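The values are calculated or read from the model by the stated rules, or taken from the named source; none is laboratory data. Treat the numbers as computed from the prediction; the structure is a model and nothing was measured. Don't worry about glycine lacking a Cβ; one is built from the backbone with ideal geometry, like all the others, and counts go over all protein chains shown.
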Amino acid sequence: MKRKLAIFGVCLPLIVVADLATKSWALAALDGAPRPGFLGGRVPLTLVFNRGAAFGISIGDDPRWFFIPVTVFALGLMILLAAKSEARDHPRIVALALVVSGAVGNLVDRLRWDRGVVDFIGPVDLGFMHWPIFNVADMAISTGAVLLALSFWAEERRIKKRAQAAPEAPGGLEA
């Protein structure tokens, strides 16, 4: 349990503070017009307020009152999953800490005003599409989601491998 708390104790404040600090900077420094950002201008900085879900998916006129309880519920599930995870399953615990941290960062925006979540990195031209504008919290959520999926996939492979290696009991019943 101490390992889990240590991982969350590092990730949560680090990501939430970085997210809120960069959003505060974006609010002060950006005006909504795209500016050359980094990587030679390939990643511009553009201030927008996302009132919808990921990738700007819209849900009604005031989705805030939908997203706040959904986020709180999802946070509860992620924390429960972390509590039930094995202490030595570091990839899963880090993944959950990243998702929780990012969700908290975006939740702060939804709680503090009805303008939406502050996004400012992008849009990124991938050649075949423009990647939507995002923020530090979104990066943590996305990275955590990929790590979590990989963790579940690896666990499934371990379970299948153990099942295949287990000898069959007499009478055709598995041991």
Pairs, first in contact (Cβ under 8 Å) with a residue 24 or more places away in the chain in segment 5-33, second assigned to a loop (DSSP other than H, G, I, E, B) and loosely packed, with under 12 Cβ neighbours inside 10 Å, C-beta under 8 Å, six or more apart: none
Any residue at all in segment 132-149 that is surrounded by fewer than 17 Cβ atoms within 10 Å (Cβ to Cβ) and under 16 Å from Thr71 (Cβ atoms)? yes
Evaluate segment 154-171: report whether one residue or more is touching a Lys or Arg at 6+ places or on another chain (Cβ under 9 Å) and among the charged types (D, E, K, R). yes
Consider Val72 carefully, then state whether it is farther than 16 Å from Asp138 by Cβ, in a helix (DSSP H, G or I), among the β-branched types (Val, Ile, Thr) and in contact (Cβ under 8 Å) with a residue 40 or more places away in the chain. no
Report yes if Ala28 is surrounded by fewer than 11 Cβ atoms within 10 Å (Cβ to Cβ) and in a helix (DSSP H, G or I), otherwise no. yes
For Gly127, only one of the following conditions fails: (1) on the phi > 0 side of the Ramachandran plot; (2) touching a residue at least 12 places away in the same chain (Cβ under 8 Å). What is its number? (2)
If Asp119 satisfies all but one of (1) touching a residue at least 24 places away in the same chain (Cβ under 8 Å); (2) in a helix (DSSP H, G or I); (3) surrounded by 12 or more Cβ atoms within 10 Å (Cβ to Cβ), what's the number of the condition it fails? (2)
Within segment 88-100, does at least one residue satisfy the condition of being modelled with pLDDT under 95 and not in a helix (DSSP H, G or I)? yes
Can you find a residue in segment 147-166 that is modelled with pLDDT under 95, over 15 Å from Ala54 (Cβ atoms) and assigned to a loop (DSSP other than H, G, I, E, B)? yes
With Pro167, Pro91 as the choices, which residue is free of Cβ contacts under 8 Å to residues at least 12 places away in the same chain and either surrounded by 14 or more Cβ atoms within 10 Å (Cβ to Cβ) or in contact with a strand residue (DSSP E or B) (Cβ under 9 Å, 6 or more places away or on another chain) (or both)? Pro167
Residues of segment 35-62 classified as in contact (Cβ under 8 Å) with a residue 60 or more places away in the chain and either assigned to a loop (DSSP other than H, G, I, E, B) or of a type in the set (A, V, I, L, M) (or both), total: 8
Going through segment 114-131 one residue at a time, which ones are within 24 Å of Val16 (Cβ to Cβ) and acidic (Asp, Glu)? Asp114, Asp119
Which of the numbered conditions does Leu80 fail, given that it passes all the others? Conditions: (1) touching a residue at least 24 places away in the same chain (Cβ under 8 Å); (2) assigned to a helix (DSSP H, G or I). (1)
Those residues of segment 43-86 which are closer than 25 Å to Leu147 by Cβ and at pLDDT below 90 amount to Gly52, Ala53, Ala54, Phe55, Gly56, Ile57
